[in-house]
1. Being among the aliphatic types (A, V, I, L, M), assigned to a strand (DSSP E or B), in the same structural domain as Cys166 (by TED's automatic domain parsing) and touching a residue at least 24 places away in the same chain (Cβ under 8 Å), is that true of even one residue in the stretch 38-52?
2. Go over the candidates Val164, Val185 one by one and state the one that is under 20 Å from the mean Cα position of the chain (by Cα), at pLDDT 95 or above and crowded, with 17+ Cβ neighbours inside 10 Å.
3. Could you please find all residues in the stretch 245-270 being at negative phi, in contact (Cβ under 8 Å) with a residue 24 or more places away in the chain and under 30 Å from the mean Cα position of the chain (by Cα)?
4. Just checking, how many residues over the stretch 18-37 are within 22 Å of Ile172 (Cα to Cα) and either part of a loop (DSSP other than H, G, I, E, B) or at pLDDT 90 or above (or both)?
5. Do you know which residues across the stretch 255-291 are under 17 Å from Val227 (Cβ atoms) and assigned to a loop (DSSP other than H, G, I, E, B)?
6. With respect to Gly124, determine if the residue is touching a strand residue (DSSP E or B) at 6+ places or on another chain (Cβ under 6 Å) and of a type in the set (Gly, Ala, Ser).
7. Test Val56 against the stated conditions and say whether it is closer than 20 Å to Asp199 by Cα, in contact with a Ser or Thr (Cβ under 7 Å, 6 or more places away or on another chain) and either hydrophobic (A, V, I, L, M, F, W, C) or outside any loop (DSSP other than H, G, I, E, B) (or both).
8. Can you tell me how many residues in the stretch 1-17 are in a strand (DSSP E or B) and farther than 24 Å from Gly169 by Cα?
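The values are calculated or read from the model by the stated rules, or taken from the named source; none is laboratory data. Everything numeric in this text was worked out from a predicted model, so none of it was measured. As a convention, Cβ positions derive from the backbone with ideal geometry for all residues, glycine included, and neighbour counts pool all protein chains shown.
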Amino acid sequence: MDGILPLWKPKGLTSHDCVFKVRKIAQTKKVGHTGTLDPEVEGVLPLCLGKATKLVPFLTDTLKTYEAVVSLGTSTETEDATGEVVERAEVPVFSEESLRDVLSSFTGEITQVPPMYSAVKVKGRRLYEYAREGLEVERPERVVRIHEISFLGKQEEHTFKIRVVCSKGTYIRTLCVDIGKALGVPAHMKELVRTGTGDFQEKDCIRLEDLDVSTITKELMPMQRAVSHLPEWEVTEEEAELIENGQRFSVPENWKEGTVHSAVFNGELLALYQDHPEKPGLIKPVRVFGRKQ
């Protein structure tokens, strides 16, 4: 059982909870997820089964799409709606135009400081471990990229919805807090849904309650779907046989230097290849999957 299971993670479960349940249903230990979602967040969580677990880091690196509700006037210790309120303020009336202008200022590379209630490690410990002990520690800044950010409309009083397409490692709750700062008011993230991971969208997903062995077998997508964002190298049958043995090759025609390529034979993903780091003019495998038996 090798492939990608596009799961819709429900609220109330961790990403690892979902992995555990699918391992039990599929009766295999080889299941991995492709980007942690907090328990109170629902959304697209592609799971890699069997040989596809080798693809986890490549699918984790893809763009993520979120829909979030920004709540103005209060900030919380966790930066979302689960934490205790730490600041309140009056909220002036903002026009849609002013909100759109502020959102547009976040497009491109931005610097974030991870929230204290996060799994980032500092000196060997998770930040949330320090936070639970009431300790504040210096947190490393990180640069992330916001590819798109759009205004989806106002909701209840002092709340509005946004859509964000971003790089991995982006904290949407921190983005909501920073949007509030740009507006001059405290803010937090009220709700969050991940609507896309790479090429996988909500319409592709199956619900956890609908899973059984036959459903997993039916819904499992080919491994090639997980790396559709990578350039494809179509190989011959002779090359396919050599690839199974981890063969190195001369750089093929139309090869994009510095980029991992998927080696495909008759629509089947056989391996991932990259430039040889020590031998110019050659390419070498990063991952080898082999052909189906």
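1. We begin by selecting, within the stretch 38-52, every residue among the aliphatic types (A, V, I, L, M); these are 41, 44-45, 47, 49, 52.
Restricting the remaining residues to those that are assigned to a strand (DSSP E or B) gives 44-45, 47, 49.
From the residues that got through so far, the ones that are in the same structural domain as Cys166 (by TED's automatic domain parsing) too are none.
No; the residues of the stretch 38-52 include none that is among the aliphatic types (A, V, I, L, M), assigned to a strand (DSSP E or B), in the same structural domain as Cys166 (by TED's automatic domain parsing) and touching a residue at least 24 places away in the same chain (Cβ under 8 Å).
2. Values: Val185 fails: under 20 Å from the mean Cα position of the chain (by Cα).
Exactly one of Val164, Val185 is under 20 Å from the mean Cα position of the chain (by Cα), at pLDDT 95 or above and crowded, with 17+ Cβ neighbours inside 10 Å, namely Val164.
3. Those that are at negative phi, in contact (Cβ under 8 Å) with a residue 24 or more places away in the chain and under 30 Å from the mean Cα position of the chain (by Cα): Trp255, Lys256, Thr259, Val260, His261, Ser262, Ala263, Val264, Phe265, Glu268, Leu269, Leu270.
4. Within the stretch 18-37, the subset within 22 Å of Ile172 (Cα to Cα) is 18, 33-37.
If we keep only those that are either part of a loop (DSSP other than H, G, I, E, B) or at pLDDT 90 or above (or both) as well, we get 18, 34-37.
Final tally of qualifying residues: 5.
5. Those that are under 17 Å from Val227 (Cβ atoms) and assigned to a loop (DSSP other than H, G, I, E, B): Trp255, Lys256, Gly258, Thr259, Val260, Asn266, Gly267, Phe289, Gly290, Arg291.
6. Details: touching a strand residue (DSSP E or B) at 6+ places or on another chain (Cβ under 6 Å): no; of a type in the set (Gly, Ala, Ser): yes.
No: the conditions fail for Gly124.
7. Spelling it out, Val56 is indeed closer than 20 Å to Asp199 by Cα, in contact with a Ser or Thr (Cβ under 7 Å, 6 or more places away or on another chain) and either hydrophobic (A, V, I, L, M, F, W, C) or outside any loop (DSSP other than H, G, I, E, B) (or both).
8. Pass one, the stretch 1-17, residues in a strand (DSSP E or B): 3-9.
Narrowing further to those that are farther than 24 Å from Gly169 by Cα: 3.
So the answer is 1.
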